[in-house]
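The values are calculated or read from the model by the stated rules, or taken from the named source; none is laboratory data. Everything quoted here is computed from the prediction, not taken from an experiment. Neighbour counts are summed over all protein chains in view; Cβ atoms, including those assigned to glycine, are modelled from backbone coordinates with ideal geometry. Accessible surface areas use protein heavy atoms only, side chains included; no ligands, DNA or RNA. Shrake-Rupley method; radii C 1.70, N 1.55, O 1.52, S 1.80 Å.
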Amino acid sequence: MTRLHFLCMVRLALIAVLLPACAASMLAGASTVTAAAVGASALQRNAGGCIAICTGEAICNPHTGLCERAPCAGLCRADEHCATSATESRCEAGPPGDVAATAPGSQTLIPVLPPPPPVSGGPPQIIPAAEQNPPSHK
């Protein structure tokens, strides 16, 4: 049994034991939800994610498991790039200095789908087989 399966089994056992207590008191219900949240956080961290869900200007640091402020907080304009150093991150004018980001291309547009064929005549008509080949009356 892997560690992940063991943690799932422990979490399910906690929920099974504490679930009936939810109706008895608010304290038991709160402890059940807290136990479920701790179990979910442990499983998420064990899978390489963060302890909590990172929102807004935060990104997940998979090494620490904590949410950290995103470089430049996503505030750079289209004509700027985010320059980061060991102590700060700031928006600077111009495109990024990355070779891949500034490499020129040979085409400006890449066709995704061929153009559709022209429509002629209108919507298709469905004719039942009995009308196409009517029975002969002999």
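Hey, could you check the range 64-105 for residues that are open to solvent by 100 Å² or more (accessible area, probe 1.4 Å) and modelled with pLDDT under 70 and say which is farthest from Ala42 (Cα to Cα)? Among those residues, the one meeting the criterion is Pro104.
With the structure loaded, tell me whether Thr108 is open to solvent by less than 100 Å² (accessible area, probe 1.4 Å) and either under 30 Å from the mean Cα position of the chain (by Cα) or modelled with pLDDT under 80 (or both) or whether it fails that test.
no
Working only within the range 45-57, note down all residues that are over 16 Å from Leu12 (Cβ atoms), of a type outside the set (Lys, Arg) and open to solvent by 30 Å² or more (accessible area, probe 1.4 Å). The answer is Ala47, Gly48, Ile51, Ala52, Ile53, Cys54, Thr55, Gly56, Glu57. For the range 58-72, what are the residues that are free of Cβ contacts under 8 Å to residues at least 12 places away in the same chain and of a type in the set (A, V, I, L, M, F, W, C)? Within the range 58-72, Ile59, Cys60 qualify.
Kindly check whether there is at least one residue in the range 12-30 that is open to solvent by 70 Å² or more (accessible area, probe 1.4 Å), modelled with pLDDT of 70 or more and not in a helix (DSSP H, G or I). Within the range 12-30, not a single residue is open to solvent by 70 Å² or more (accessible area, probe 1.4 Å), modelled with pLDDT of 70 or more and not in a helix (DSSP H, G or I).
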